[in-house]
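Note sheet for the following structure.
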Amino acid sequence: MASTRIFATWLGHGTFLLQSPEGRTILIDPWIETNPACPAAWKNGGWQKQIGKLDLILVTHGHSDHIADALPVAKATGAPIVSVYEICSWLASKGAPAVSGMNKGGTQAIAGVHVTHTHADHSSTCEEGGQIVALGEPGGFVIRFEDGASVYFAGDTALFGDMTLIRELHEPTLAFLPIGDHFTMGPKAAAKACALLGVTQVVPMHYGTFQVLTGTPAELRTLVPAGVAVVEFKPGEKKELTL
Ligand code: ZN
């Protein structure tokens, strides 16, 4: 398991494109066109060329900065969307070509990987026609790759103690955690999350996009437990990660 290699590309904010060890591509929380942190090459439909073939789209919750481009990307690529049941039904009603709704605690095999839907302490709504629409519970995901190694993608969340159960059940070695504060946990709580999860690497996300998201990777670095590497991306940057 120590030699599992994946690629990750950060599109800014909470949006990542992952490539599994066997080359499957997974887009998480697609916010591209109006994402101020997303590089220009991805905008105005540039994502179509950048992404190429797409195998799976994961959506953690319904806020527009996580779901805005899920539908156009799904329609263009035909990739199935995995999210909580309510979001999948909502996206299907708007023409998503393939959805596979689930709920917390469940695992499904899809696109060559195993996806487990995990808890998140947050909210999940969208605005439609001037109304706030509820879109079920927010969540996170554990993605178990073909060879058994797994990563934890927290989505937007506060720190919660049951991260210890994610550690016991799924043993992720790498976590994608929000650190911006205000809408999610900040660096101090994210550092504690690293301890609860037992990960050796953390990729910080959901910071810097707006003024109120004040947490920084530099601050996180001073707080994480010994032995935890903070893997910092620039928007648009692609890195190889060893799990
Ligand atoms: Zn949110």
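The values are calculated or read from the model by the stated rules, or taken from the named source; none is laboratory data. The shown structure was predicted, so the numbers you read here are calculated from the model rather than taken from an experiment. Cβ: placed from backbone, ideal geometry, glycine included. Neighbour counts: every protein chain shown. Just so you know, the surface numbers come from the protein's heavy atoms only, side chains and all, with ligands and any DNA or RNA stripped out. Shrake-Rupley method; radii C 1.70, N 1.55, O 1.52, S 1.80 Å.
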The chain: Rg/Rh from Cα coordinates, Kirkwood Rh?
-> 0.93
What's the tally of Lys pairs in the chain whose alpha-carbon atoms lie under 19 angstrom apart, where the two lysines are 8 or more places apart or on different chains?
-> 11
Separation of segment 1-30 and segment 190-243 by C-alpha centroid, Å?
-> 15 Å
Using 7 Å Cα-to-Cβ label points, what is the residue 231/residue 92 separation (nm, one decimal)?
-> 3.4 nm
Ignoring everything but the protein chains, give the 1.4 Å probe accessible area of residue 5 in square angstrom, nearest 10.
-> 140 Å²
Counting only backbone N atoms under 18 Å from a point 7 Å out along Cα-to-Cβ of residue 133, the residues of segment 60-88 in range are 60-75, 81-88
Under the 7 Å Cα-to-Cβ spin-label approximation, residue 125 and residue 238 lie apart by a distance in nanometres of 3.9 nm
Per Stokes-Einstein, at 25 °C and 0.890 mPa s, what whole-number D in µm² s⁻¹ belongs to segment 73-173, with the Kirkwood radius over Cα pairs as the hydrodynamic radius?
-> 168 µm²/s
Before anything else, pin down the relative contact order of the chain: Cα pairs under 8 Å, at least 6 apart, normalised by residue count, whole percent.
-> 19 percent
State, to one decimal in nm, how far the label point of residue 164 lies from the label point of residue 188, with both points 7 Å from Cα in the Cβ direction.
-> 2.1 nm
Under the helix-only model (-39500 (n - 2.57) for each DSSP H run of 4 or more, divided by the residues of the chain), the mean residue ellipticity at 222 nm, to 500 deg cm²/dmol, is -5500 deg cm²/dmol
Grab the Cα-Cα distance for residue 103 and residue 5, subtract it from 0.36 nm times how many residues apart they are, and report the gain in nm with one decimal.
-> 32.5 nm
